[in-house]
Amino acid sequence: MEKHKGLIQINQADLEGELKKLHKRIADNLKCLFELRREKLSGGFHDEQQYNMEKTIYEQEIVQLEKRLTEINEEKRKKSDLTKLYEQVMDMLDELLDLDFDSFDEIQLILKKLLSEIKVSRDGEIQVVTTFGLSLQDLEL
């Protein structure tokens with residue numbers, strides 16, 4: 001597990017940096033939209049078509065930025081879940097290393113923690129599924 005830990009380590013700094021940039025761009029667009037509306041209300045904007053076009057551009061960009069913001073937050077949540085899963089697996093492995101295998105009860109406990117299902121078909125084919133949702137046949141090299 002430690003050997004492959006680097007494959008799932010999360011670089012939260014990149015995500016946080018992108019989140020900050022997105023928040024700033026959204027705030028900038030909202031400010032521009034506010035200024036555009038203020039200019040129209042004060043009578044400084046005489047071309048209605050130009051006003052509507054600029055307003056639409058700012059609003060569409062805000063929607064796109066908010067969509068990307070949602071995607072990044074979801075990605076961040078998934079990566080956090082992956083980190084938690086890794087920590088749980090490491091804890092379970094530590095527990096397994098501390099068990100005394102001379103006892104049948106302890107072996108049964110280990111199997112219950114590692115295996116969620118064993119299926120045997122009528123033709124004698126056996127399928128073993130781990131608690132991680134992987135079939136042992138999927139793990140064969």
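From the residues Met53, Leu36, His23, which one has its Cα farthest along the dipole of region 18-68 in the positive direction, the dipole being from +1 and -1 charges on Cβ of Lys/Arg and Asp/Glu about the Cα centre?
His23
Leaving out ligands, DNA and RNA, what percent of the accessible area of region 29-99 is carbon and sulfur, probe 1.4 Å?
54 percent
What distance in nm separates the simple spin-label points at Leu69 and Val128, each placed 7 Å from Cα in the Cβ direction?
5.0 nm
Which links in Lys67/Lys112; Lys20/Lys113; Lys21/Lys84 stretch past 31 Å when you go from one Cα to the other?
Cα-Cα > 31 Å for Lys67/Lys112; Lys20/Lys113; rest within.
Taking H as built 1.01 Å from N, whose amide H comes closer than 5 Å to the amide H of Ser116, not counting residues under 5 places away?
Those qualifying (amide H under 5 Å, at least 5 residues apart or on another chain) are Val129, Thr130, Thr131.
The values are calculated or read from the model by the stated rules, or taken from the named source; none is laboratory data. Values in this document were obtained by computation on a predicted structure and should not be read as measured data. Cβ atoms come from the backbone with ideal geometry, glycine included; neighbour counts cover every protein chain shown. Note: areas computed on protein heavy atoms with side chains; ligands, DNA, RNA excluded. Shrake-Rupley method; radii C 1.70, N 1.55, O 1.52, S 1.80 Å.
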